[in-house]
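> Have a look at this one.
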Amino acid sequence: MPAEQMDIFASKKALAAPLLSVQGLTKRYGARIGCADVSFDLYPGEVMGIVGESGSGKSTLLSCLAGHMAPDAGSVVFQTAAGPRDTVRMSEPERRMLARTDWAFVHQNPRDGLRMGVSAGGNVGERLMAVGARHYGGIREKATDWLGRVEIAADRIDDRPSQFSGGMQQRLQIARNLVTGPRLVFMDEPTGGLDVSVQARLLDLLRGLVRQMGLSAIIVTHDLAVVRLLADRLMVMKGGQVVEQGLTDQVLDDPQHGYTQLLVSSVLQV
Amino acid sequence: MSETAYNFGYLDEQTKRMIRRAILKGLAVPGYQVPFASREMPMPYGWGTGGVQVTAACLTPEDRLKVIDQGADDTTNAVSIRSFFQRTAGVAVTGATRDATLIQTRHRIPEAALTEDQILVYQVPIPEPLRFIEPRETETRKMHSLQEYGLMHVKLYEDIARHGQIATSYAYPVAVEGRYVMDPSPIPKFDNPKLNDCPAIQLFGAGREQRIYALPPYSKVVSLDFDDHPFVASKADHACDLCGSGVSYLDEVIVDDQGGRMFVCSDTDYCGARVAAGQRGRLSPPEAA
Ligand SMILES: Nc1ncnc2c1ncn2[C@@H]1O[C@H](COP(=O)(O)OP(=O)(O)O)[C@@H](O)[C@H]1O
Ligand SMILES: [Mg+2]
């Protein structure tokens, strides 16, 4: 099985240039290390999980990748429609443009990723309007469709997210992000603050969307069940460093690094 | 203290120069909100201190000033601002739109077409059109500079979703010269078309918020809308009960406690001139024989 996966992986590589190519990415907070010398390639259609204990640098890395934070060193080359570009050295307008077209960002706390004073439909429609949609009926139709895809009843379209449960808010945030068909989705603990049963449903939904849309994604989580379900590849972080990376099943079934072994075993004990 | 103790237009020359620089910058970058160091004026905020400072910086002794509030020359606010400049600048005043060289206004654009020889100064309470949906000033500034205006349409979307149509009827947002989105101050959207291609200079002053912005003559000003919900410059579906005008913006006035109403032009100069010229409306007194 792992060998077969390796083959698929190799053929993917042969077919396409990486969607995202990260080299030597480093971010310090004063003397403290946020993340250090992180390098990896992400290929179109791949989902990569980043795991590690709290404080290991996952959020810092994701923020640097998504352009929310400027790294101290390294490059993040994204395959734009016009060819590969280092997003670290891009102008801010260009980066913000990417952020509302090719990229999406799902925050752990839906309040950080939603407009709480705007209806569900308006939340989903915002990205459409941001890229120039000017037909109300068309925007509403698309919003309705996307609410359906994240299992929110169409008659909730004019309700505000504050009237939604935590799980619904998170699904709304996902709809709002995916409506414009981004090519790369960043997620920071997307199932983080939710009850276990709600988490499972959200994971199922995410898995379905990722498969249907052929999404490329980078998912930060401390939950190995999440990566097992969603991620093709896995990166393990400790103290800001990547200590191990590889195909998810390989890393989880046969962890090489002592820290990964600990992580995996502590999960198995649960 | 004698009235001659005031500098011309109340503000000192240095302050007026500072305001003029902000105005010039505003004219150079139409629709862009220029910060300025707003001064304390001898009237409360909300009484148009931004407009008053802009007017003070623009007035010359030869000017003829008109001040309107909701279209009327005779409201308390209009009267007190007019007398303020009579006292501090000694300028001539008028109620006739056509005769004025500078018009300070709150909530209306006069009905009569403006000319290249005129300046229209608006009193602005909240200059930032993105404020209602994005309260962070750092973020709205960035949105303007990067022309990220999707949120303006989110506001209009919310309007239609809630009311079945764009319910915003005052301070209806506009795009200026295809660049900056601007709040035209709380004029009725009926007046929005008059912002466009206007021969007069239009200046906007927000005192409390310390912002000045401007439209040079003949600026292209477009009201935001959706393809399937186009902008409509609506007004009450009546004619003026005093002068019979079917094209002017109307105020609804309750005339008794039986629910009797009448509709009258909000622009008192326009209405008065029509009546003087013999025009009649539904409730005009019968003609003297
Ligand atoms: N804004 C910040 N200022 C200073 N140190 C920070 C800041 N954010 C994170 N750190 C530190 O950087 C390291 C990595 O943090 P973070 O990226 O949040 O890890 P994780 O998301 O894996 O929990 C930690 O030591 C954390 O204390
Ligand atoms: Mg984190």
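> Please work out which one of (1) under 26 Å from B:T140 (Cβ atoms); (2) touching a strand residue (DSSP E or B) at 6+ places or on another chain (Cβ under 7 Å); (3) surrounded by 22 or more Cβ atoms within 10 Å (Cβ to Cβ) is the condition B:M152 fails and give its number.
(3)
> For the stretch A:67-80, give me each residue that is touching a Phe, Trp or Tyr at 6+ places or on another chain (Cβ under 9 Å) and within 13 Å of ligand 1 (Cβ to nearest atom).
Our first condition is that a residue be touching a Phe, Trp or Tyr at 6+ places or on another chain (Cβ under 9 Å); within the stretch A:67-80, this holds for A:67-68, A:78.
A:H68 - this is the single residue of the stretch A:67-80 that is touching a Phe, Trp or Tyr at 6+ places or on another chain (Cβ under 9 Å) and within 13 Å of ligand 1 (Cβ to nearest atom).
> Could you name every one of the strands (runs of 3 or more DSSP E) located completely within the stretch B:182-234 that has at least 3 residues being surrounded by 16 or more Cβ atoms within 10 Å (Cβ to Cβ) and without any contact (Cβ under 8 Å) to a residue 40 or more places away in the chain?
On the way: elements: B:201-206, B:211-215, B:221-223.
Passing ranges: none, list empty.
> Confirm whether A:L98 is away from ligand 2 (no atom under 16 Å from the Cβ) and buried (at least 22 other Cβ atoms within 10 Å of the Cβ). Break it down stepwise before answering.
Details: away from ligand 2 (no atom under 16 Å from the Cβ): yes; buried (at least 22 other Cβ atoms within 10 Å of the Cβ): no.
Judged against the criteria, A:L98 is not a match.
> Taking the stretch B:86-121 only, how many residues are farther than 24 Å from B:L250 by Cβ and among the small types (G, A, S)?
Counting residues in the stretch B:86-121 that are farther than 24 Å from B:L250 by Cβ and among the small types (G, A, S) gives 3.
> Can you name the helices (runs of 4 or more DSSP H) wholly within the stretch A:107-178 that have at least 1 residues being more than 16 Å from ligand 2 (Cβ to nearest atom), within 14 Å of chain B (Cβ to nearest Cβ) and within 23 Å of B:D225 (Cα to Cα)? I'd like the intermediate steps shown before the answer.
Values: elements: A:110-113, A:120-130, A:136-149, A:166-178.
Helices (runs of 4 or more DSSP H) meeting the threshold: A:120-130, A:136-149, A:166-178.
Listed here are the residues, each with its yes/no results for (1) in contact (Cβ under 8 Å) with a residue 12 or more places away in the chain; (2) more than 14 Å from every other protein chain (Cβ to nearest Cβ).
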| position | (1), (2) |
| --- | --- |
| B:Q118 | yes, yes |
| B:P129 | yes, yes |
| B:I160 | yes, no |
| B:G164 | no, no |
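> Determine whether A:G52 is touching a helix residue (DSSP H, G or I) at 6+ places or on another chain (Cβ under 7 Å) and touching a residue at least 40 places away in the same chain (Cβ under 8 Å). Before you say what the answer is, go through the steps one by one.
Details: touching a helix residue (DSSP H, G or I) at 6+ places or on another chain (Cβ under 7 Å): yes; touching a residue at least 40 places away in the same chain (Cβ under 8 Å): yes.
In short, yes.
> Got a number for residues in the stretch A:91-106 being away from chain B (no Cβ under 13 Å) and out of contact with any Lys or Arg (no Cβ under 8 Å at 6 or more places or on another chain)? Before the answer, list the steps.
The first filter runs over the stretch A:91-106 and keeps only residues away from chain B (no Cβ under 13 Å), leaving A:102-106.
Then keep just the ones that are out of contact with any Lys or Arg (no Cβ under 8 Å at 6 or more places or on another chain); that gives A:104-106.
Result for the stretch A:91-106: 3.
Condition check ((1) crowded, with 20+ Cβ neighbours inside 10 Å; (2) assigned to a loop (DSSP other than H, G, I, E, B)) across all residues:
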site: A:S56; (1), (2): yes, yes
site: A:T60; (1), (2): yes, no
site: A:C64; (1), (2): yes, no
site: A:M69; (1), (2): no, yes
site: A:F78; (1), (2): yes, no
site: A:P84; (1), (2): no, no
site: A:R89; (1), (2): no, yes
site: A:E94; (1), (2): no, no
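> I'd like the residue in the stretch A:210-222 that is surrounded by fewer than 18 Cβ atoms within 10 Å (Cβ to Cβ) and not polar (S, T, N, Q) and, out of all such residues, is farthest from A:A104 (Cα to Cα).
A:H222
> If I filter the stretch A:58-76 for residues that are at pLDDT 95 or above, over 20 Å from A:Q241 (Cα atoms), among the polar types (S, T, N, Q) and more than 16 Å from ligand 2 (Cβ to nearest atom), do I get at least one hit?
Scanning the stretch A:58-76, I find no residue that is at pLDDT 95 or above, over 20 Å from A:Q241 (Cα atoms), among the polar types (S, T, N, Q) and more than 16 Å from ligand 2 (Cβ to nearest atom), so the answer is no.
The values are calculated or read from the model by the stated rules, or taken from the named source; none is laboratory data. Given the structure is predicted, the values throughout are model-derived calculations rather than measurements. Cβ atoms come from the backbone with ideal geometry, glycine included; neighbour counts cover every protein chain shown.
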